[in-house]
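Written out below as structure tokens is the structure these notes cover.
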């Protein structure tokens, strides 16, 4: 069997976003061809065979203290992801205002579409830890490979201080002991009213 049809490599990321390559040699050594619809499980953990690699953050309210803004986090799963998307973590890692509050129970998610033309809504469970500024998002019905999902976070107001806010995003495959994949950072620029954005 050609190497191209064997495991091309799984990429797991730690919470610090450090990639650990599983390598082509692993698939060859174990003689494990991986089909696009089959999740990769190693030592009891579940990995994406082709993880999502980026996140887009969109917001149309970009001034301090604007009420009821919406932050759209958009993630696309490759058709060969190898596992459905079971959840995300979204952590504020930069931005001077670390106290602005969220309406966690108003968190929603939808498939396809765009922020102003939303696709069908899907069930989502959300929790927020204020100390670490981290959202934990779970999909009771995991998002299948090949789909794009958008999670909508809804603070009560935008931050009260202008700055560039960064949110680190990790994706988790559905399955036992899921291993996270870092998607990088969503960037939100908040301006004082009257500034040009």
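Given a cut-off of under 8 Å on Cα pairs at least six residues apart, what relative contact order in percent is computed for the stretch 51-190? Please report the intermediate quantities before stating the final value.
Numbers: 382 pairs, mean separation 53.1, N = 140.
Relative contact order, the stretch 51-190: 38 percent.
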Cβ-based exposure ranking for 50, 121, in which fewest neighbours within 10 Å come first: 121, 50
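Based on the Cβ-Cβ distance from residue 65 to residue 111, what FRET efficiency comes out when R0 is 35 Å, to the nearest 0.05?
On the way: r = 32 Å, r/R0 = 0.92.
So, using R0 = 35 Å, E works out to roughly 0.65.
Would you mind calculating the gained length between residue 131 and residue 56 on full extension (0.36 nm times residue separation, minus the Cα-Cα distance), in nm to one decimal?
Roughly 24.6 nm would be gained on extension.
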Quick check on packing: order 146-159, 59-72 by the mean number of other C-beta atoms within 10 Å, highest mean leading. 146-159, 59-72
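Sort 190, 90, 58 so that the residue with the fewest other Cβ atoms within 10 Å of its own Cβ comes first and the one with the most comes last.
Numbers: 190 26, 90 23, 58 16.
Lowest to highest Cβ neighbour count: 58, 90, 190.
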By count of other Cβ within 10 Å, fewest leading, how are 105, 129, 56 ordered? 105, 129, 56
Once you wrap a convex hull around the alpha carbon atoms of the stretch 43-197, what is its projected area averaged over all directions, in nm²? 8.9 nm²
With a cut-off of 13 Å, note down the residues of the stretch 158-197 whose backbone N falls inside the zone around a label point 7 Å from the Cα of residue 96 toward its beta carbon. 159-165, 190-193
Euclidean distance of C-alpha centroids, the stretch 157-181 and the stretch 62-135, integer Å: 8 Å
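Laboratory data are not the source of any read-out in this text; all were calculated from the coordinates shown. In this text the structure is predicted, and so the values were computed from the model without any measurement. Cβ: placed from backbone, ideal geometry, glycine included. Neighbour counts: every protein chain shown.
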